[in-house]
Amino acid sequence: MFQRIHRDESGFAMVFAVLVVFVVVTLSITVLSLSIHNSEQSAYDRKRVTSVVAAEAGVDDAWNRIQTTAPEILPSAGCTEPTRLSHPLVGSVEAEPGPATFSAAYTWYADSAGTTLLTGCPSQTNVPAGVLVTATGRTSNTVPRQVQAYMTLTPNYGGFDAAILSVTNTTFSNNFTVTGLTGSDGDIYVTNGNLTITNSPTFYGNVYVPTGSASMSNGSQVVGNLWALNSVTINNPATVTGNVISSTSSVGGSGTVGGSATAGTTIAAGLTVGGNRYPTTPQGPPPTQSFPKLCQVAITGVCSAMPWAGYTVSTYTGATACTSAKNFLTTGTLTGDRVVFIDAVCNLSIGNNDDITFTGDLAIVTQGSITTTNQNNWTGVSGKKLFLIVNYRSIFTASCSSSYDVSIGNNSNFLNASVLFYSPCTVTLNNSNNFAGQALGNTVNVTNQFTLNYRPVLVPGVPTLMGFDQGIVYLREVA
């Protein structure tokens with residue numbers, strides 16, 4: 001007789017539940033591990049990207065420093081002068097999820113191809129032609145990244161590369177001519193304002209407006225390129241024989257462009273363009289120049305005193321300083337290289353039929369102003385220089401007045417010498433005969449007809465190489 005075997009299934013649900021919990025826990029652990037791994041990888045990638053950004057910031061910092069720093073201050077391995085920047089140069093970047101740091105090492109080359117290392121330290125006389133910047137960015141010691149950039153270098157002589165350098169808004173409302181030294185290199189810079197041309201000057205050089213807009217009308221002519229950060233307007237019959245660029249805005253008007261026209265936005269259909277049109281093509285800002293700081297009296301952290309090595313310095317002070325200086329200048333012939341320093345806020349006025357004759361370089365440096373009126377003659381010897389300089393002061397940007405201007409009046413004749421007109425306030429050039437030299441001022445006014453033949457008039461002993469314009473050969477991540 002068969003008997004059925006009884007099977008008791010009590011407790012099976014518990015075993016099944018334990019198995020399910022085990023599977024769920026295993027899956028949870030797997031998902032958690034994967035999440036932790038992804039989180040760690042994301043954090044690492046985030047740190048890597050931040051390090052790359054920091055390294056690129058190091059390259060950007062190098063670009064800025066090289067453009068605006070004299071070579072004797074730039075960082076260089078093995079160069080330990082007290083004023084030189086440390087090598088490598090370090091810095092930091094505020095970034096999420098936390099700050100990052102960079103260090104940038106500079107390798108200087110004697111040729112633009114980057115094949116010959118520069119011997120010695122970069123200086124005013126030992127000028128590099130290329131530089132390799134290796135920037136290392138890091139968010140921690142475990143996530144460093146490196147970016148390299150190679151640049152060719154063109155010396156920037158701190159404003160002395162310009163026939164006319166004006167800092168603020170500038171209007172040329174009269175007919176005059178600027179010629180170049182070698183071809184069309186009589187360049188015009190308006191470094192921190194707009195340029196408006198309302199009459200018929202002719203510039204044999206490039207015109208740069210690195211922070212503002214440019215407008216030309218009547219018969220004005222640029223025999224070169226015109227480049228502004230903002231809009232450019234060329235009204236008929238104004239002409240630019242070279243290229244016209246608006247970095248961020250439009251190129252408008254009905255005038256003529258001999259070369260190509262490039263605009264950040266639009267190009268007017270009525271503009272005659274001999275070359276190609278490139279609308280909606282934003283560019284970087286135009287080249288610029290640093291306004292030189294010429295100090296007879298040093299200003300801590302701003303500028304050193306001009307040394308005038310080899311010059312005989314005559315100093316005039318007090319209430320009669322300008323009168324005494326004028327008597328000295330107009331009595332007889334000045335021989336040798338001389339500096340006349342007027343250590344007073346007064347006006348040196350050279351008037352009708354005053355004659356100043358000099359056989360060496362002549363510098364007039366004043367704490368006040370310089371004015372010439374009516375018929376006066378400045379006669380030098382070919383190859384010599386005449387410096388008319390209002391001493392730089394750091395307060396000038398907020399307190400310019402006619403007390404610190406250079407104003408050249410009608411029929412002022414500058415013969416056989418290159419002339420530097422310099423004021424950290426206003427330089428005004430009225431109707432005068434042709435002359436060779438430069439005009440550098442916070443504001444430059446031209447009120448009548450003359451010809452300025454560009455000649456760089458470098459102040460002896462003053463570090464005039466103030467930085468380098470750069471041509472970027474390559475930028476790459478290397479590690």
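Output the peptides 76-86, 103-113 sorted from most to least packed, where packing is the average of other Cβ atoms within 10 Å over each peptide's residues.
The packing order, highest mean first, is 103-113, 76-86.
Report the Cα centroid-to-centroid distance between the range 398-449 and the range 291-318 in angstrom, as an integer.
Going from one Cα centre to the other spans 20 Å.
Can you give me the distance in nm between label points at Asn327 and Asn410, each placed 7 Å from the Cα along the Cα-to-Cβ direction?
Between Asn327 and Asn410, the label points sit 3.1 nm apart.
Helix-only mean residue ellipticity at 222 nm, the chain, DSSP H runs n ≥ 4 weighted -39,500 (n - 2.57), per residue, nearest 500. What is it?
-5000 deg cm²/dmol
With each label point set 7 Å from Cα along the Cα-Cβ vector, what nm distance links Asp185 and Thr80?
4.0
Tilt of helix 12-68 relative to the longest C-alpha principal axis of the chain, in degrees (0 to 90, nearest 10)?
Orientation of helix 12-68: about 10 degrees from the principal axis.
In nm, give the distance between the simple-model label positions of Thr272 and Thr125, each being 7 Å from the Cα along the Cα-to-Cβ direction.
The two pseudo-label positions are separated by 5.3 nm.
Fewest Cβ neighbours within 10 Å first, please rank Trp63, Trp378 accordingly.
Trp63, Trp378
Which ordering of Ser407, Ser324 is given by a fewest-first count of other beta-carbon atoms within 10 Å?
Ser324, Ser407
For helix 321-330, what angle does its Cα long axis make with the longest principal axis of the chain, in degrees from 0 to 90 and rounded to 10?
Tilt of helix 321-330: around 60 degrees.
Just to verify a number: FRET efficiency for Ser92 and Ser28, C-beta to C-beta distance, R0 = 35 Å, to 0.05?
0.30
For the chain, what does the alpha-carbon gyration tensor say about shape, rounded, prolate or oblate, given a ≥ b ≥ c as the root eigenvalues, a/c under 1.5 as rounded, and a/b over b/c as prolate?
It comes out prolate by the Cα gyration axes.
None of the figures in this text is laboratory data; all of them are computed from the coordinates on show. Keep in mind that this is a model prediction, so the values were computed, not measured. Neighbour counts are summed over all protein chains in view; Cβ atoms, including those assigned to glycine, are modelled from backbone coordinates with ideal geometry.
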